[in-house]
1. Return the pairs, sorted by first residue and then second, in which the second residue is open to solvent by 40 Å² or more (accessible area, probe 1.4 Å) and among the hydrophobic types (A, V, I, L, M, F, W, C), the first residue lies in region 65-88 and is farther than 17 Å from Gln99 by Cα, the beta carbons are less than 6 Å apart, and the residues are 6+ apart or on different chains.
2. Restricting to region 50-86, name every residue that is within 16 Å of Met134 (Cβ to Cβ) and under 12 Å from the mean Cα position of the chain (by Cα).
3. If I filter region 84-109 down to residues being in contact with a Lys or Arg (Cβ under 7 Å, 6 or more places away or on another chain) and open to solvent by less than 40 Å² (accessible area, probe 1.4 Å), which single residue comes out as nearest to Leu122 (Cα to Cα)?
4. Has region 110-119 got any residue that is charged (D, E, K, R), at pLDDT below 95 and surrounded by 11 or more Cβ atoms within 10 Å (Cβ to Cβ)?
Amino acid sequence: MDKTAPTASGYVSIDQKLAISSQRHPGFPRDQAMLARLIKLVHKLFCDHGNQLMRDYGISHPEYNVLMMLDGSEQGLSPSEISEAASEKSSNVTRLIDQLLTKGLVSREPSDEDRRKLVVRLTAQGEQLIERVMPAVIKQLEHFFNGVDADELRHTEQVLTRILLGLEQPR
């Protein structure tokens, strides 16, 4: 293990297992595998911490993500647009929208342009919830990225965007 590596337990566990895989399989791309596993671990921890925070506001982290996608939309979004923007399966988005409808945080109506298309919008209650939760979200994100400077954040965004483009290209 690199002497400057993080001491987070998740990192240590991944590093130990990848060292064994690297010994067993010549040519195994350890660095790429480490990055893929760290991304997965970071995602899990973001979701776990997000769910813990959102529980105080009566919603789940996936519900929060849907609300934020709608907050970033001027005219509302179709369920398929929410699915794409929130990186959720369409069946999961349907369930999330139904839960948010029950809580009075969103509305679902036919589109003005195409009556066959549904549009989901924030309700006033949904907008108020976002306003209430935003200070806690900001604080949590600042905590998550404490010790990472602006240049590192921009560079990480660029690298992750290139990885995303590679993942989206057909094989």
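The values are calculated or read from the model by the stated rules, or taken from the named source; none is laboratory data. All values reported here derive from a predicted model rather than from experimental measurement. Counting neighbours? That spans all protein chains shown, and the Cβs are built from the backbone with ideal geometry, glycine included. For accessibility, only protein heavy atoms count, side chains too; no ligands or nucleic acids. Shrake-Rupley method; radii C 1.70, N 1.55, O 1.52, S 1.80 Å.
1. From residues that are farther than 17 Å from Gln99 by Cα, the pairs are Ala85/Met69.
2. Filtering region 50-86 down to residues within 16 Å of Met134 (Cβ to Cβ) leaves 50, 53-54, 56-59, 61, 63-72.
Scanning region 50-86 gives Gly50, His61, Glu63, Tyr64, Asn65, Val66, Met68, Met69.
3. Val106
4. Quick first cut of region 110-119, residues charged (D, E, K, R) only: 112-117.
This time we only want the ones that are at pLDDT below 95, so: 112-117.
After this cut, where a residue has to be surrounded by 11 or more Cβ atoms within 10 Å (Cβ to Cβ) as well, the list is 117.
Scanning region 110-119 turns up at least one residue that is charged (D, E, K, R), at pLDDT below 95 and surrounded by 11 or more Cβ atoms within 10 Å (Cβ to Cβ).
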